[in-house]
Each structure stands twice: as structure tokens, then as C-alpha cells.
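The structure under discussion appears below in the form of C-alpha cells.
The values are calculated or read from the model by the stated rules, or taken from the named source; none is laboratory data. Source: prediction; values computed, not measured. Neighbour counts are summed over all protein chains in view; Cβ atoms, including those assigned to glycine, are modelled from backbone coordinates with ideal geometry. Accessible surface is based on the protein model in full, side chains and every heavy atom, while ligands, DNA and RNA are left aside. Shrake-Rupley method; radii C 1.70, N 1.55, O 1.52, S 1.80 Å.
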Amino acid sequence: MPEVNDKAILTQLTGDPQAGLQALLDAYGGMIYAIVRRILPAAPQDAEECAADVLVAAWQNAGQLAARPDRTLQGWLALTARNTAINRYRKLKRTAGCKPLDENLAADWMLEPRTSDGEDCIAELVAALPEPDREIFLRRYYYLQPCRQIARALGMQEHTVNVRLSRGRARLKQQYLARMDPASRKETAL
């Protein structure tokens with residue numbers, strides 16, 4: 001895969017926006033769309049519009065991005081894609097309400113492609129959580145549901161959901177470190 005020249009893309013965006021957007025799409029379109037689809041899995045048309053919004057934002061901010069060599073274009077695009085998708089998700093949720101978690105959606109989550117060993121490890125650890133912790137984690141961190149809504153859907157107190165999330169994060173962190181860094185097993189055993 002050829003190396004991406006962010007500076008050239010940003011120069012193209014300011015000088016020849018059409019060619020610059022095409023270069024940006026060729027280099028980072030897949031990443032942008034993957035991030036957006038993870039947050040908006042049920043709405044392909046909303047995901048496409050959201051990805052287009054990210055491209056427009058890159059075009060509008062190309063001059064500022066070029067002036068900041070301390071920021072990578074890829075990082076800026078990933079963060080912008082995530083934030084834009086979360087904002088769209090929240091807007092959709094306010095207007096249409098959030099659907100309850102379906103058993104098939106949890107299974108679909110496990111089948112999604114991962115981009116790193118770390119993501120694979122986290123997916124396996126979350127899948128191994130006992131119920132209702134697994135559903136709480138999926139609802140909170142994958143479907144971005146607020147704790148109050150999770151508590152209502154599962155017939156729990158909001159405080160209980162928060163406690164389960166806190167304890168689960170600590171347990172997942174310990175398990176993740178043990179799997180990803182065998183040297184940490186000695187530290188946790190002490």
C-alpha cells in the first residue's frame with residue numbers, strides 16, 4: 001500500500017477541492033466510513049451522509065490543518081468522524097427513540113471486523129462477560145445508550161448500572177493487560 005502524503009492532500013484540498021476530496025476519499029474514505037458505521041449501524045443512508053459531512057469539514061478546515069504540523073490528518077479525520085457520528089446518533093435518538101437491544105444485534109457486533117489485536121481481545125472479553133453485564137456494556141459503549149435508558153430497559157436502578165460498568169471496566173482492564181502483556185501477569189499475581 002503506498003504511503004499517504006497528508007500534506008499533499010491538504011494542499012490539493014485548498015487548491016483544487018475536487019481532486020483533493022478524491023485523494024482524501026481514496027486515502028481515508030474506508031476508515032471514515034468504518035468509524036461512522038460502527039456508531040450508526042442501523043442507518044446506512046445516515047452513515048453515508050455523516051461520512052460526507054466529515055469530508056466537507058476536512059475541506060473547510062484544510063488550511064488550518066496544514067498550518068498545524070503537530071496534528072495528523074488521519075487522527076483529525078478519525079476524531080471528526082467519531083464526533084460527527086455521535087452527534088447524528090443523538091439527534092436520531094431524540095427524534096425517533098432508541099430501539100431495544102436485540103439478541104441478533106449482539107451477535108452481529110461479534111462478527112464485525114476488527115482492525116487490531118487489541119480490538120479482537122476486547123471483543124472476546126466483552127463477549128465472555130456474564131449477563132446482564134455483557135448487555136450493559138454493549139448498550140453503553142457500542143450503542144451509546146445512556147445509563148438511565150439501560151436501567152429502564154433492564155429493570156435496574158441507574159446506580160446499579162453505573163456500578164456494574166465501573167467494576168466491569170476494572171475487570172476487563174485486568175484481563176486485557178494479562179492477555180496482551182504476559183509480563184503484567186506477574187505484577188497482578190503479586
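Condition first: under 15 Å from the mean Cα position of the chain (by Cα), in contact (Cβ under 8 Å) with a residue 24 or more places away in the chain, within 19 Å of THR84 (Cβ to Cβ) and outside any helix (DSSP H, G or I). Can you find one or more residues in region 42-59 that meet it?
Step one: list which residues in region 42-59 are under 15 Å from the mean Cα position of the chain (by Cα), which gives 42, 47, 50-51, 54.
With the extra rule that they be in contact (Cβ under 8 Å) with a residue 24 or more places away in the chain, the set shrinks to 42, 47, 50-51, 54.
Filter again for within 19 Å of THR84 (Cβ to Cβ), leaving 42, 47, 50-51, 54.
Applying the additional criterion that residues be outside any helix (DSSP H, G or I) yields 42.
Yes, region 42-59 has at least one match.
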- request: Write out, first by first residue and then by second, each pair whose Cβ atoms fall under 6 Å of each other, whose residues are 6+ apart or on separate chains, and whose first residue, in region 133-159, is farther than 16 Å from ARG90 by Cβ while the second is acidic (Asp, Glu) and assigned to a helix (DSSP H, G or I).
  value: ALA151/GLU158
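Anything in region 39-65 that is open to solvent by less than 40 Å² (accessible area, probe 1.4 Å) and of a type in the set (Val, Ile, Thr)? List them, or say none. Let's see the steps before the verdict.
Kept after step one, since they are open to solvent by less than 40 Å² (accessible area, probe 1.4 Å), are these residues of region 39-65: 39-40, 43, 46-47, 50-51, 54-55, 57-58, 62, 65.
Within region 39-65, ILE39, VAL54 meet the criteria.
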The lone exception for ARG71 - which of (1) in a helix (DSSP H, G or I); (2) free of Cβ contacts under 8 Å to residues at least 60 places away in the same chain; (3) of a type in the set (D, E, K, R); (4) surrounded by 13 or more Cβ atoms within 10 Å (Cβ to Cβ) it fails: (1)
query: Between residues in region 165-177 that are in contact (Cβ under 8 Å) with a residue 24 or more places away in the chain and residues that are in a helix (DSSP H, G or I) and of a type in the set (Lys, Arg), which pairs lie under 7 Å by C-beta distance while being six or more apart or on different chains?
result: LEU165/ARG140
- prompt: Checking THR80 against (1) modelled with pLDDT of 90 or more; (2) farther than 16 Å from ASP6 by Cβ, which single condition isn't satisfied?
  reply: (2)
field: When residues of region 9-38 are limited to those that are buried (at least 22 other Cβ atoms within 10 Å of the Cβ) and over 19 Å from the mean Cα position of the chain (by Cα), the one farthest from LEU65 (Cα to Cα)
entry: LEU24
